[in-house]
Amino acid sequence: MSIFKSQNRIALTARLLLECDKQFLFLAQTPLNGGGLTLPGGKIEHEEFAKEALVREVWEETGVQIAKKSLKLVHITHRVTDNASEIILFFYTASDCQVETEMKEPQKFEKAVLVPSDEVPKELPNVLKHALESINKGRFFSQFPKKKKEKNDPLVKSKVVDLSALQLEHNKIKSGLGKLQKKTREKMMII
């Protein structure tokens with residue numbers, strides 16, 4: 001028996017905090033790719049280790065060659081998304097001041113941007129902000145919760161209605177069983 005539920009999807013990703021002179025390298029995304037900033041890195045493929053994936057992804061995105069031995073794991077974030085899938089993000093650091101970037105995926109990224117390492121850019125997705133804040137606080141592991149549904153959310157209301165309908169059905173069945181049991185007892189007394 002598997003310890004994982006078959007409907008769960010777990011994606012593994014690796015991200016790089018490439019530091020040079022107390023600045024981190026971020027990538028400015030194209031408007032079609034969501035805009036804002038992100039960190040270099042991406043999905044860890046099947047039968048690939050995190051460091052290998054990160055070296056590959058950074059090269060594919062920026063043209064920067066990072067040595068695996070220079071990567072240091074500094075944080076892991078576990079994220080549950082709204083569609084019930086899960087993402088494990090591995091964050092690594094490396095220092096390299098000889099960085100010459102070449103945007104090798106211009107459909108995704110416009111340019112590389114250096115940001116002071118003590119700042120968390122506003123243009124980052126919330127999960128990356130959360131991870132950077134956790135790293136700055138010295139935490140090695142964090143969890144990024146999915147958004148809670150509001151009481152006025154139609155999905156939550158429909159679930160309440162479904163549950164009350166199930167409760168009514170349950171009560172009918174229970175009542176019917178009670179009547180059936182009573183009749184059975186009466187018949188047994190007659191015999």
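The values are calculated or read from the model by the stated rules, or taken from the named source; none is laboratory data. A quick note: this is a predicted structure, and the numbers were derived from the prediction, not measured. Here the Cβ positions follow ideal geometry from the backbone for every residue, glycine too, while neighbour counts run over all protein chains shown. SASA here: full protein model, heavy atoms, side chains in, ligands and nucleic acids out. Shrake-Rupley method; radii C 1.70, N 1.55, O 1.52, S 1.80 Å.
What the table shows:
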quantity: Extension gain, residue 67 back to residue 52 (0.36 nm per residue minus Cα-Cα distance, nm); calculated: 4.5 nm
quantity: Trypsin sites (Lys or Arg not before Pro) lying in DSSP loop within segment 1-89, provided at most 14 other Cβ fall within 10 Å; calculated: 5, 9, 22
quantity: Rounded percent of accessible protein surface that carbon and sulfur make up, segment 1-128, 1.4 Å probe; calculated: 52
quantity: Backbone HN-Hα couplings from phi across segment 118-131 [Karplus 6.51/-1.76/1.60, Hz, Gly and Pro as x]; calculated: 8, 9, 10, x, 5, 7, 7, x, 4, 5, 6, 4, 4, 5
quantity: Of the GluC sites (Glu not before Pro) in segment 27-71, those whose Cβ has at most 12 other Cβ within 10 Å and which sit in DSSP loop; calculated: 45, 47
quantity: Simple spin-label estimate for residue 74 and residue 10 in nanometres, 7 Å along Cα-Cβ; calculated: 2.5
quantity: Built amide H within the under 5 Å cut-off of residue 24, gap 5+; calculated: 115, 117
quantity: ³J(HN,Hα), Karplus 6.51/-1.76/1.60, whole Hz, each residue of segment 73-83, x for Gly, Pro; calculated: 6, 10, 6, 10, 10, 9, 10, 10, 9, 5, 9
quantity: For segment 62-97 versus segment 16-35, the gap between their alpha-carbon centres in whole angstrom; calculated: 13
quantity: Local electrostatic count at residue 49 - Lys and Arg +1, Asp and Glu -1, tallied over other residues with Cβ under 11 Å; calculated: -1
quantity: Under 5 Å, built H, 5+ apart or other chain: amide partners of residue 74; calculated: 91, 92, 93
quantity: Chain lengthening between residue 140 and residue 110 when straightened (0.36 nm per residue, less Cα-Cα); calculated: 7.7 nm
quantity: Full-stretch length increase - residue 32, residue 83 - with 0.36 nm per residue and alpha-carbon distance subtracted; calculated: 16.1 nm
